[in-house]
Amino acid sequence: MATKSTEIAKQLTYLAGALKAPRILESAVRLADQARDAGWSFEDYLAAVLEREVSARNASGAELRMRAAGFGARKTLEDFDFDTQPNVRNQVAALASGGFLTEARNVVLLGPPGTGKTHLAIGLGVTACRHGHRVLFATATDWVTRLSDAHRAGRLAAELVKLRRYGLIIIDEVGYLPFEQDAANLFFQLVSSRYEHASLVLTSNLPFSGWGGVFGDQVVAAAMIDRIVHHADVLTLKGASYRLRNKGIDTLPSIRTTTGENEN
Ligand code: ADP
Ligand code: MG
């Protein structure tokens with residue numbers, strides 16, 4: 001009997017190694033005791049062992065995806081206080097299911113500084129990582145730098161193809177700095193290459209009417225907004241800056257629609 005269980009233990013060690021699932025070894029033994037005590041069927045036992053492995057894999061995969069995404073700070077939708085933004089509560093709750101990613105829909109977060117646009121964008125990114133999607137987060141300026149570098153090196157097309165393998169790209173702070181003509185064109189190519197293929201989340205402190213000033217061209221801006229908004233949820237955040245709450249400061253200087261203002 002002792003020899004038989006030693007044989008099985010050896011075989012399990014080999015099989016778990018071959019499957020690259022070393023955790024199965026531990027859960028198989030632990031769950032077998034539980035199964036005997038509780039009188040599980042063979043099928044119940046197998047499902048329990050496999051389920052442990054799958055959820056451990058998902059959790060470590062999500063963690064890897066979050067680290068690779070480049071979120072400045074880890075913010076989640078669960079941490080967001082919707083009492084300050086009650087009018088987006090239902091929209092965000094619907095997005096939290098992750099369905100927008102499989103439908104390649106976009107999300108646009110608009111509103112004044114400090115109202116939680118970046119927080120919600122990262123929160124949606126974290127949700128996407130948990131749902132198994134690869135995510136990249138950067139500011140609009142950083143995206144343009146990345147695309148310009150690729151363009152100069154003659155590999156813009158390859159870069160855009162590579163980026164399409166990411167289920168979600170987050171473009172933070174559209175409108176903080178106006179773009180040169182070349183930069184606006186690169187940005188347009190990024191938006192076009194993802195249109196109806198993969199999702200974008202964008203944040204801006206400017207309403208769409210101010211985007212012409214950012215892209216230096218009303219026609220380019222209109223064509224871009226058209227593609228972004230065709231399949232999108234637009235969330236408009238309102239009110240005073242969350243950063244300034246309880247600081248005795250009620251309002252910030254208003255945002256100019258041509259250059260934008262950096263609040264930091
Ligand atoms: P924005 O991008 O609109 O300028 P942020 O998302 O950067 O604003 O928010 C500023 C700070 O306030 C961040 O630390 C963010 O986590 C926090 N914050 C903003 N709104 C909320 C909220 N409703 N609930 C919890 N934290 C918030
Ligand atoms: Mg922000």
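The values are calculated or read from the model by the stated rules, or taken from the named source; none is laboratory data. Keep in mind that this is a model prediction, so the values were computed, not measured. A quick note on method: Cβ atoms are made from the backbone with ideal geometry, for glycine too, and the neighbour counts reach across all protein chains shown.
Please state which of the following conditions GLN11 fails to meet, knowing it meets all the rest: (1) surrounded by 12 or more Cβ atoms within 10 Å (Cβ to Cβ); (2) outside any loop (DSSP other than H, G, I, E, B).
All conditions are met except number (1).
Filter segment 110-121 for residues that are hydrophobic (A, V, I, L, M, F, W, C) and near ligand 2 (Cβ under 9 Å from one of its atoms) and give the result.
Matches in segment 110-121: ALA121 only.
Can you name the residue in segment 69-94 that is exposed (fewer than 13 other Cβ atoms within 10 Å of the Cβ) and under 21 Å from PHE137 (Cβ atoms) and, of all such residues, is modelled with the lowest pLDDT?
Result: GLY72.
Specify which of the listed residues (ASP79, ASP142, ASP149) is more than 12 Å from the chain's Cα centre (by Cα), among the charged types (D, E, K, R) and assigned to a loop (DSSP other than H, G, I, E, B).
ASP79
May I ask you to list the residues in segment 194-203 that are surrounded by fewer than 18 Cβ atoms within 10 Å (Cβ to Cβ) and at pLDDT 95 or above?
Passing the criteria: none in range.
When both residues are 6+ apart or on different chains and their Cβ atoms are under 6 Å apart, which pairs have a first residue that lies in segment 18-45 and is more than 21 Å from ARG57 (Cβ to Cβ), and a second that is at pLDDT 90 or above?
ALA35/TYR45
Determine which member of the set THR115, THR127 is part of a loop (DSSP other than H, G, I, E, B), within 16 Å of ligand 1 (Cβ to nearest atom) and crowded, with 22+ Cβ neighbours inside 10 Å.
Just a single option satisfies the conditions, and that option is THR115.
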